[in-house]
Amino acid sequence: MARDMSDKDILKMELDQLKVEVNTPRKAISATAPEIIAYVEEMSAEDPLIKGVPEDKNPFKEKGGCIIT
C-alpha cells in the first residue's frame with residue numbers, strides 16, 4: 001500500500017495517526033497496575049495455561065499412534 005503513495009501522502013497519514021494518539025486519554029501506571037493485577041488474578045481460574053486443558057477437550061491430543069511392523 002505504501003509503495004503506491006507519495007511521500008506527502010505517507011507523511012499526512014503519519015500526521016493524522018499522531019493527532020489521534022495525542023488525544024488518547026492516558027492513565028498513570030500506578031493507577032492501572034492494581035486493576036490489571038486484580039483482573040489477572042480473577043481470570044486465572046479459567047486460564048488454560050495455568051489450569052491445564054482436559055484430555056477430552058485438548059485439540060492437540062494425538063488421535064492415534066504410529067505402528068511400525
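The values are calculated or read from the model by the stated rules, or taken from the named source; none is laboratory data. All of these numbers come straight from a predicted model, not from anything done at the bench. Cβ sites come from the backbone with ideal geometry, for glycine too, and all protein chains shown count toward neighbours.
Observations
Each row is one residue, and each column tells you yes or no for (1) over 20 Å from the mean Cα position of the chain (by Cα); (2) at pLDDT below 90; (3) part of a helix (DSSP H, G or I).
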residue	(1), (2), (3)
11	yes, no, yes
18	yes, no, yes
21	no, no, yes
24	no, no, no
27	no, no, no
33	no, no, yes
41	no, no, yes
53	yes, yes, no
65	yes, yes, no
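- Per the listing 21, 41, 62, 14, the residue uniquely without any contact (Cβ under 8 Å) to a residue 12 or more places away in the chain, surrounded by 10 or more Cβ atoms within 10 Å (Cβ to Cβ) and among the acidic types (Asp, Glu) is 14.
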